[in-house]
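Rule-based calculations on the coordinates, nothing more; no lab input. The shown structure was predicted, so the numbers you read here are calculated from the model rather than taken from an experiment. When we count neighbours, we look across all protein chains shown, and the Cβ atoms used for this are built from the backbone with ideal geometry, even at glycine.
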Amino acid sequence: MVASEVRALFAVASRPEIVSLAGGMPHVDGLPLETLGELMAELTRERGGTALQYGSAQGDPGLRESVCGVMSLEGIDAHPDDVVVTVGSQQALDLVARVFLDPGDTVVTEGPTYVTALGVFAACQARVAQVAMDEEGVDPGALAETFGRLAAEGRPAKLFYTVPTFQNPAGVTLSAERRAAVSEVCRRAGVLVIEDNPYGLLHYDRGEPMRALRADDPTGVVYLGSFSKTLAPGLRVGWALAPGPVRDKLVLAAESAMLSHSVFSQLVVDRYLRTQPWAEQLKEFRELYRERRDAMLRSLEAHMPRGVRWTSPGGGFFVWASLPEGLDSKALLPRAVGARVAYVPGTGFYADGGGRSHMRLSFCYPPIERIEEGVQRLASVIGEELTL
Ligand code: PMP
């Protein structure tokens with residue numbers, strides 16, 4: 001295992017003079033902290049004997065029921081018995097990988113893909129094959145071709161890991177038209193889909209969330225969800241929704257990994273969902289992030305030199321920028337940090353070291369003026385590099 005590029009960057013990017021377009025930290029200051037504090041005190045007083053005790057490895061039944069309500073917003077009709085609560089969706093991914101992957105197995109992902117998913121697959125000594133995306137996500141034809149090639153090489157794909165909605169890092173979304181085709185390609189190839197969807201409810205341009213892949217494919221998809229972006233990552237509450245036989249294995253894997261999760265965190269989330277106006281909170285988050293996204297896109301448009309391209313995300317936290325031929329985002333980073341702006345170079349999101357001419361820019365954390373300042377600084381650095 002090697003340290004991820006994002007982790008290594010955090011120390012630099014957290015210096016106050018630097019505008020960090022690197023991390024993906026949600027805006028927890030926007031939460032009703034007073035209310036949450038009262039809710040936690042109430043929970044301890046009223047149910048401390050349960051909340052501070054060990055719990056089951058599958059997770060609290062009340063929370064699992066609430067989670068089904070959350071998933072119904074994306075068209076998923078699920079039973080609480082099929083939900084396994086996890087320590088963020090990161091643990092859900094880790095458990096799925098432990099259950100399915102032996103050393104040498106092959107996982108197919110989007111290219112680029114979520115950096116810490118690559119870390120999980122590397123820890124299982126799996127091999128990763130990546131399929132390029134365009135503005136509508138992966139192309140089902142290219143995915144089928146990759147599955148066919150891998151099978152012909154004698155290493156058929158075991159899993160297809162996808163972040164279909166507001167992808168991290170690319171900010172693109174698998175179009176409604178392609179969703180059925182992607183599921184069909186995976187079904188035909190006998191490949192289980194891992195749908196990782198922490199950003200689905202943070203949509204900025206549409207009235208309704210995208211319909212999840214899992215909504216139309218209950219047996220071929222393991223769905224991973226999280227409250228990290230829609231409530232608070234510090235609570236570390238996520239989940240997996242899996243077909244029965246897979247769910248049983250995930251519970252066993254969770255048991256050996258950690259006995260039980262924080263019952264306290266689970267009950268806080270459950271109580272919050274049942275007693276507070278979460279839908280309103282989500283609306284506020286959407287408005288806040290939409291403004292930040294707009295500010296980033298406006299600044300990119302206003303300041304970036306010709307030849308730089310970027311995606312236009314309909315939700316989530318990230319824009320993916322592509323530099324003109326010959327520029328290397330990793331080599332450029334020390335100069336950008338010198339100019340007091342940080343980003344994540346594209347190479348961390350590829351298993352094979354590709355992505356040198358790309359960078360991830362996140363708009364979730366800095367306030368609007370800082371985003372504008374950061375993009376301007378970055379544009380100057382790139383402009384100078386182009387004239388060298
Ligand atoms: N998947 C994706 C695509 C993510 O962006 C993140 C958070 N950065 C996670 C999973 C993990 O989130 P958590 O464990 O906080 O739920």
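Tabulated data for the structure shown
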item: Cα gyration tensor shape for the stretch 80-142, rounded if a/c is under 1.5, else prolate or oblate; result: oblate
item: Centroid-to-centroid separation of the stretch 107-158 and the stretch 30-79 [C-alpha atoms, Å]; result: 34
item: Cα gyration tensor, the chain - rounded (a/c under 1.5), prolate or oblate; result: oblate
item: Test item: Cα-centred dipole of the stretch 278-388, Lys/Arg +1 and Asp/Glu -1 on Cβ, debye; result: 100
item: Lysine pair count for the chain [Cα-Cα under 29 Å; pairs on different chains or 8 or more apart]; result: 5
item: Residue exposure sequence - LEU332, LEU202 - by fewest surrounding Cβ within 10 Å; result: LEU332, LEU202
item: Dipole in debye (nearest 20) - the stretch 164-219, about Cα centre, beta carbon charges: Lys, Arg +1; Asp, Glu -1; result: 120
item: Surrounding net charge for ARG271, when Lys and Arg each add one and Asp and Glu each subtract one, Cβ distance under 10 Å; result: -1
item: Residue order, fewest to most surrounding Cβ atoms within 10 angstrom, among CYS186, CYS124, CYS68; result: CYS124, CYS68, CYS186
item: In order through the stretch 45-58: 3J(HN,Hα) via Karplus (6.51 cos²θ - 1.76 cosθ + 1.60), integer Hz, x for Gly, Pro; result: 5, 7, 9, x, x, 8, 5, 9, 9, 4, x, 8, 6, 7
item: Calculated FRET efficiency for the pair ALA142/VAL28, C-beta based, R₀ 41 Å, to 0.05; result: 0.60
item: Three-way shape label, the stretch 1-133, alpha-carbon gyration tensor, a/c 1.5; result: oblate
item: At most 16 other Cβ within 10 Å, DSSP loop - GluC sites (Glu not before Pro), the stretch 103-143; result: GLU135, GLU136
item: Approximate spin-label separation ALA3-GLN53, in nm, with each point projected 7 Å along Cα-to-Cβ; result: 4.3
item: The stretch 265-288-the stretch 174-245 distance, computed between alpha-carbon centres (Å); result: 20
item: Given charges at beta-carbon only (K, R positive; D, E negative), |dipole| of the chain in Debye; result: 600
item: Residue exposure sequence - PHE10, PHE349 - by fewest surrounding Cβ within 10 Å; result: PHE10, PHE349
